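Trainee: Structure incoming, see below.
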Amino acid sequence: MAAKNRYNKKADASIQRLQSSGREMRAIMIRLIDIHKEYDNGTKALKGINLRIEDGEFVFLVGPSGSGKSTIVKLLTAEITASKGRVIVNGYNLNNIRRWQIPHMRRTLGVIFQDFRLIEKKTVQGNLEFAMRTVGASGREMRKRIPYVLDLVGLEDKADAYPNEMSGGEQQRVAIARALVNNPRMIIADEPTGNLDPRRSLEIMTLLERINAMGTTMLVVTHERDLVNRFSKRVVAIKDGELIRDGQGGYYRA
Amino acid sequence: MRRFNLGYFIKEGFSSIFSHGLMSFAAVCMIVACLIIMGSFSLLAVNVDGMLSQLEEENEFLAYIDESFTPDQVRTLMEKIKQIDNVDPNGVTFITREQAKQDYLKGHETDGLYVNMPDEVLRDRFSIHVIDLEKFTETVEAVCALPGVANHRAENKVAEGFVTVRNAVTALAYVLIAILAAVSLFIISNTTRLAAFSRREEIAIMKMCGATDGFVRWPFIVEGLLLGLMGAAVAFFLQWGVYAAVGKALADSGATALFTLMEFSMIWKRVLAIFLLSGAAIGALGSGFAIRKFLQV
Ligand SMILES: Nc1ncnc2c1ncn2[C@@H]1O[C@H](COP(=O)(O)OP(=O)(O)O)[C@@H](O)[C@H]1O
Ligand SMILES: [Mg+2]
């Protein structure tokens, strides 16, 4: 993957430039500069968001329903583009990214959703192979990588199960395994526990924390206050499309 | 992409065909119907054209020369005729009246000497070969307008009728091919659109995992290609049967003296090649168009 390496080099260079006078020497994974987003129907979902997330961080993005959290996620995955402002993800400047570069940018991200988005007619193994084949992995790579990630999410004995034979918590673990399988630098989870009961939610969040501890940057979107307050992490709060609070070890307050 | 996974694309294309079998079946049937109608008209056009070129071989008329002309004048007249548009410069032959008389008498041995001899036999004449049958009448008129050409004899009304038929058949064939190609493209597009719609979640997941447009598109193009090729193969054998049946019907009705079909064995390679190419092109293009919309994720 010569192209990817080249872009990562370029990315590293731009990250160097972006880093402010040596406060911290960690690479910047996400940079949002004065982001505005107005949908075609006139809804102003984001009104001047500034955000900076560094390599290795665990960040909760919180806010009430309709505050613009999913809009931020869609901007970061290049599903939509900003009306105004700059979006930089993993060194890719999404304002002027070429169409053919978008897949390569997405391969540096793992994305997890509330509704799991698994392929129902494929087994767990099949779902993970599907994700790996998408980026051109060989059979040998799949045989090496898949048992490893299944073990990591605690599903080592579920490779041959179908999604509808599993609990919601297990299905979300499969989705986490799929997000991890292509070895991304960062995971973005949009309300990953929205469909789960509190105990499963805590298990999933603990798993994400463990994955973060192994080096993967983590951005977790949620509006579950109790859950956020159980972890002492950086909390970024938005409301009505505006950033209202951003603090380390923070609590999610109304 | 690290590897171009041909096996995967073909496998996905095949399984997609069977996952919505009815629509695929309908698409293949449409392609078969289109190719057969297209093929039948093309074969008709080819056959009429073949007959026409046979007629064109014999495409000659006679121009009689004024008796008062000297050999020098005849030579200049011949040059003038050769320069007329649509006259084959190598197909102008001067025939002396003696030669003509010999030729005539050969065919009339049983007649009384000179009794039925027409006047023209006693004139020198040119035999003139015309290149394009379509402009036969104009050419004859142009030759007759030259001073020194006294009269002419032409028997080519049949051939001219044929030209009209050939032109009509060819035009109709083109129009039909265009319409049917458009219809087939539309059908294939819809099949692909249906296939893509039923797999839109998989496509969205692929895109989310960083699939390139090409990776998403290939299985669908392979599917369209396979449908097109299947249609072409079926259409070829049906066309063969139709052609043989028409040939047999013509022979049975005794029309072969007027109208004989070319042997299918002489043209089957061309028919098969054209069918396969058209089928593949229609299939790949149709699905290629249809899938574009689903890539906007
Ligand atoms: N595709 C869309 N078209 C128009 N408006 C949208 C669209 N998606 C979201 N919105 C609106 O944008 C605002 C923010 O939505 P969203 O980002 O989904 O919020 P959250 O994820 O925080 O609940 C809401 O008012 C929502 O109705
Ligand atoms: Mg949301």
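The values are calculated or read from the model by the stated rules, or taken from the named source; none is laboratory data. Here the structure is a predicted model, which is why all the values come from computation and not from measurement. Every residue, glycine among them, receives a Cβ derived from its backbone with ideal geometry; neighbour counts consider all protein chains shown. When the accessible area is computed, the model is the full protein with side chains, heavy atoms only, and any ligands, DNA or RNA have been set aside. Shrake-Rupley method; radii C 1.70, N 1.55, O 1.52, S 1.80 Å.
Trainee: For the range B:202-263 and the range A:148-206, what is the separation of their Cα centres, given in Å?
Mentor: Taking the Cα centre of each part, the range B:202-263 and the range A:148-206 sit 47 Å apart.
Trainee: Sticking with this structure for a sec: With just the Cα atoms defining each centre, how far is the range B:48-96 from the range A:43-66? Give it in Å.
Mentor: If you average the Cα positions of each part, the centres end up 91 Å apart.
Trainee: So, one more: Just to check I understand the Karplus step: with θ = phi - 60° and J = 6.51 cos²θ - 1.76 cosθ + 1.60, what whole-Hz values come out for the range A:57-65, glycine and proline as x?
Mentor: Ordered by residue, 3J(HN,Hα) equals 6, 10, 10, 8, 10, 10, x, x, 4 Hz.
Trainee: Select from the range B:1-88 those trypsin sites (Lys or Arg not before Pro) which occupy a DSSP coil region and have at most 12 other Cβ atoms within 10 Å, ordered by residue number.
Mentor: Within the range B:1-88, the qualifying trypsin sites (Lys or Arg not before Pro) (loop, at most 12 other Cβ atoms within 10 Å) are B:2, B:3.
Trainee: Separate question: Any idea of the accessible area per residue across the range B:138-297, 1.4 Å probe, to the nearest Å²?
Mentor: Accessible surface, normalised per residue, equals 51 Å².
Trainee: Okay, moving on. Not counting ligands, DNA or RNA, and with a 1.4 Å probe, what is residue A:218's accessible surface area in Å² rounded to the nearest 10?
Mentor: For residue A:218, solvent-accessible area is about 0 Å².
Trainee: If amide hydrogens are placed 1.01 Å from N in the peptide plane, which non-local residues have theirs closer than 5 Å to the one on residue B:84?
Mentor: Counting only residues 5 or more places away or on other chains, the set is empty.
Trainee: If you don't mind, there's one more thing I want to ask. How big is the A-B contact in terms of buried accessible area, both chains counted, 1.4 Å probe, rounded to the nearest 100 Å²?
Mentor: Chains A and B together bury roughly 2000 Å² of accessible area.
Trainee: Which ³J(HN,Hα) values in Hz, rounded to whole numbers, follow from the phi angles of the range A:135-149 under the Karplus curve 6.51 cos²θ - 1.76 cosθ + 1.60, where θ = phi - 60° and Gly and Pro get x?
Mentor: Result, ordered by residue: 9, x, 6, 8, x, 5, 4, 5, 5, 7, 7, 5, x, 5, 6 Hz.
Trainee: Give me a comma-separated list of calculated 3J(HN,Hα) values for the range B:211-221, in order, Karplus coefficients 6.51, -1.76, 1.60 applied at θ = phi - 60°, integers in Hz, x for any Gly or Pro.
Mentor: These are the phi-based 3J(HN,Hα) values: 6, 6, 4, x, 4, 6, 6, 3, x, 6, 5 Hz.
Trainee: Report the longest stretch of chain A that contains none of the trypsin sites (Lys or Arg not before Pro) sitting in a DSSP loop with at most 14 other Cβ atoms within 10 Å.
Mentor: Of all site-free stretches, the longest is A:122-252.
Trainee: Past 21 Å, Cα to Cα, is the threshold; run A:74/A:239; A:74/A:144; A:47/A:233; B:80/B:101; A:84/A:239; A:44/B:207 against it and keep the listed order.
Mentor: The pairs that break the limit, which is 21 Å between Cα atoms, are A:74/A:144; A:47/A:233; B:80/B:101; A:44/B:207.
Trainee: How many partner chain Cβ atoms sit within 10 Å of a residue's Cβ in peptide A:123-133, on average, as a whole number?
Mentor: That works out to 2 on average.
Trainee: Can you give the calculated 222 nm mean residue ellipticity of chain B, where each DSSP H run of n ≥ 4 adds -39,500 (n - 2.57) and the sum is split over every residue, rounded to the nearest 500 deg cm²/dmol?
Mentor: -24000 deg cm²/dmol, from helical runs alone.
Trainee: Excluding ligands, DNA and RNA, what is the solvent-accessible area per residue of the range A:73-192 at a probe of 1.4 Å, expressed in Å²?
Mentor: On a per-residue basis, 40 Å².
Trainee: Also, quick follow-up: Please list the non-local residues whose amide H lies under 5 Å from the amide H of residue A:111, H modeled 1.01 Å from N, same-chain partners needing a gap of 5 or more.
Mentor: A:188
Trainee: A further question on this structure: Amide H to amide H, which residues 5 or more places from residue A:239 or on other chains are under 5 Å from it, using H placed in the peptide plane?
Mentor: Hits under the 5 Å cutoff: A:244.
Trainee: Out of the total accessible area of the range A:187-254 (probe 1.4 Å, heavy atoms of protein only), what percent is carbon and sulfur?
Mentor: Here it works out to 44 percent.
Trainee: Just how far, in whole angstrom, is the range A:88-130 from the range A:207-227 if you go by their alpha carbon centroids?
Mentor: Between the Cα centres of the range A:207-227 and the range A:88-130 lies a distance of 18 Å.
Trainee: Hey, another quick one. Mind checking which of B:62, B:133, B:43 has the largest fluctuation in a GNM of chain B, springs on alpha carbons under 10 Å?
Mentor: B:62
Trainee: Run lengths n ≥ 4 of DSSP H only: what is the helix-derived mean residue ellipticity at 222 nm for chain A, with -39500 (n - 2.57) per run over all residues, to the nearest 500?
Mentor: Calculated mean residue ellipticity at 222 nm is -11000 deg cm²/dmol.
Trainee: A further question follows. For chain B, set up a GNM with springs between Cα atoms under 10 Å and report which of B:201, B:12, B:60 has the largest fluctuation.
Mentor: Highest fluctuation among the options: B:201.
Trainee: Considering only protein heavy atoms and a 1.4 Å probe, what is the carbon-and-sulfur percentage of the accessible area of chain B?
Mentor: The computed percentage sits at 64.
Trainee: Using a 1.4 Å probe and counting only protein heavy atoms, arrange B:20, B:152 so the residue with the most accessible area comes first.
Mentor: B:152, B:20
Trainee: Tell me the volume per residue, in Å³, of the convex hull enclosing the alpha carbons of the range B:178-259.
Mentor: Enclosed volume per residue, from the Cα hull, is 111 Å³.
Trainee: Turning to a different aspect of this structure: For chain B, set up a GNM with springs between Cα atoms under 10 Å and report which of B:29, B:144, B:209 has the largest fluctuation.
Mentor: Checking each option, the largest mean-square fluctuation is seen for B:209.
Trainee: What residues in the range A:59-84 lose 20 Å² or more of accessible surface when the other protein chains are added to their chain alone (1.4 Å probe)?
Mentor: Residues meeting the cut-off: A:79.
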